[in-house]
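The values are calculated or read from the model by the stated rules, or taken from the named source; none is laboratory data. Quick caveat: nothing in here was measured; it's all calculated off a predicted structure. Here the Cβ is made from the backbone with ideal geometry for all residues, glycine too, and neighbour counts use every protein chain on show. Remember, those area values only see protein heavy atoms, side chains included, never the ligands or the DNA or RNA. Shrake-Rupley method; radii C 1.70, N 1.55, O 1.52, S 1.80 Å.
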Amino acid sequence: MQPDASVAAAFDLKRLDDAFYQDPYPVYRALREHAPVKRLPDGSVFVSRHADVLAVYKDPKTFSSDKHEEFLPKFGNSPLYEHHTTSLVFNDPPLHTRVRRLIAGALTPKHVAAMEGRLTELVDRLLDALDTSEEVDLIPSFAGAIPVEVIGNLLDVPRDERGPLRAWSLAILGALEPVLSADIEARGNAAVREMLTYLEGLVARRRARPGDPEVDVLTRLIEGEGGERLSAVELLHNCIFLLNAGHETTTNLIGNALRCLAEWPAERERLRADPDLLRSAIEEFLRFESSNQLGNRITTVATEIGGVALAPRTQVHIGIGAANRDPDPFPDPDRLDLGRHPNRHVAFGSGIHQCVGMGLARLEGRVAIGRFVARFSGYRLSGPPVRARRARFRGHLSLPARVR
């Protein structure tokens, strides 16, 4: 066998080495070329080609998002299990439809555009603070600070109560990795319990003093729409979902982009010289280093993907990061090209589960990255970046830099 073929043959999501966490793309290339629908030792399959990933996304009846069957053995009857089987992203209609409609009503293009002013003020304050330091860590000081404030504003969480949100989010999302250690499980369950306790109090206060449902997503979820309301459990867990989903992936988008620009100086200069490239640049960052690298489905009936037969109840891992480096739709896929067109990446998924907050994430990326590069065009990394050891969410724990 060719070396790449042996890499594909040995691939197992539950036995990943350090090299994969640093750079998964050679493994993804081997899978696309030699085992595009790879059967894993536990009976699940990993899908790595763009066309096959799209086919899975476009058929939600055959490829279900419901996670009860997958998560019960993993989490047991625990807070993590209750949370992840109740939130928007891991459910099928009708729950998915009800929750998505309520959230989407507060995230229309009009509402997102109205957030730009406050977002720009926030980014400029953070840039002012960076400008006073010789060396900074761009994750806690910049990339991670932006979405906490944006989602906090969206749910109208009092500013002095936002301190624990990032740590809670990291703990809960960390439990979604393919391998779950006892420590990560304990921290995830503790975070869910603490978030539920906090949100119960916040919801009680909001019921007593409702906000404007046009812009306050929590009030919108409480009041419901068209005679439909969420149960108390659905309400709390989808607030947790919003805080988590809007935080980690956007932090990763900004952090990944700033590292890419530091390592591709010609593209950084291209963007600095032509700010109109910013919109296509955001799409390329999303493709090149997808914040969310993995999705999951389960088959409801006997079916096939890419000519491979699948039995009912087969778990399917969607290789988002792999699909976004597929050379078929993306010529020269391992090259960062800020003007790439077309760029039909699947960083936000596709079909009925396409990310409901993608408009807001794009706005945060444009404002944060555009204003950073305009102000600190000569920034450079000042030490080794530290990747989070995660297969699902690709980002950094630390990104040391000199901005002046």
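Here are some notes:
- Which numbered condition residue 141 misses (of (1) open to solvent by 30 Å² or more (accessible area, probe 1.4 Å); (2) assigned to a loop (DSSP other than H, G, I, E, B); (3) modelled with pLDDT of 95 or more; (4) of a type outside the set (A, V, I, L, M)): (2)
- Complete set of residues in the range 39-50 that are open to solvent by 20 Å² or more (accessible area, probe 1.4 Å) and closer than 14 Å to residue 294 by Cα: 49
- Matching strands (runs of 3 or more DSSP E) fully within the range 295-347 where at least 2 residues are more than 16 Å from residue 32 (Cα to Cα) and open to solvent by 20 Å² or more (accessible area, probe 1.4 Å): 303-305
- Checking each residue in the range 348-366 for being in a helix (DSSP H, G or I) and among the aliphatic types (A, V, I, L, M) picks out 352, 358, 360, 361, 363.
- Exclusive hit being exposed (fewer than 15 other Cβ atoms within 10 Å of the Cβ), touching a Pro at 6+ places or on another chain (Cβ under 9 Å) and either at pLDDT 90 or above or among the acidic types (Asp, Glu) (or both), set 116, 135, 121: 135
- Residue match in the range 67-77 (condition: outside any helix (DSSP H, G or I), touching a residue at least 24 places away in the same chain (Cβ under 8 Å) and open to solvent by less than 30 Å² (accessible area, probe 1.4 Å)): yes
- Just one of the numbered conditions (1) under 25 Å from the mean Cα position of the chain (by Cα); (2) surrounded by fewer than 17 Cβ atoms within 10 Å (Cβ to Cβ) is not true of residue 261: (2).
- Restricting the range 80-96 to residues that are in a loop (DSSP other than H, G, I, E, B) and in contact (Cβ under 8 Å) with a residue 24 or more places away in the chain, the residue that is farthest from residue 241 (Cα to Cα): 93
- Only one of the numbered conditions (1) in contact (Cβ under 8 Å) with a residue 60 or more places away in the chain; (2) assigned to a loop (DSSP other than H, G, I, E, B); (3) closer than 30 Å to residue 151 by Cβ is violated by residue 99, and that is (2).
- Of all residues making up the range 116-138, the number that are in contact (Cβ under 8 Å) with a residue 24 or more places away in the chain and either assigned to a loop (DSSP other than H, G, I, E, B) or under 18 Å from the mean Cα position of the chain (by Cα) (or both): 4
- Complete set of residues in the range 157-184 that are acidic (Asp, Glu) and either crowded, with 18+ Cβ neighbours inside 10 Å or touching a Cys at 6+ places or on another chain (Cβ under 6 Å) (or both): 177
- Hits in the range 3-60 - residues which are in contact (Cβ under 8 Å) with a residue 40 or more places away in the chain, in a helix (DSSP H, G or I) and more than 26 Å from residue 181 (Cβ to Cβ): 29, 32, 50, 51, 52, 53, 54, 55, 56, 57
- Within the range 207-232, being open to solvent by less than 70 Å² (accessible area, probe 1.4 Å) and touching a Ser or Thr at 6+ places or on another chain (Cβ under 6 Å) holds for 211, 213.
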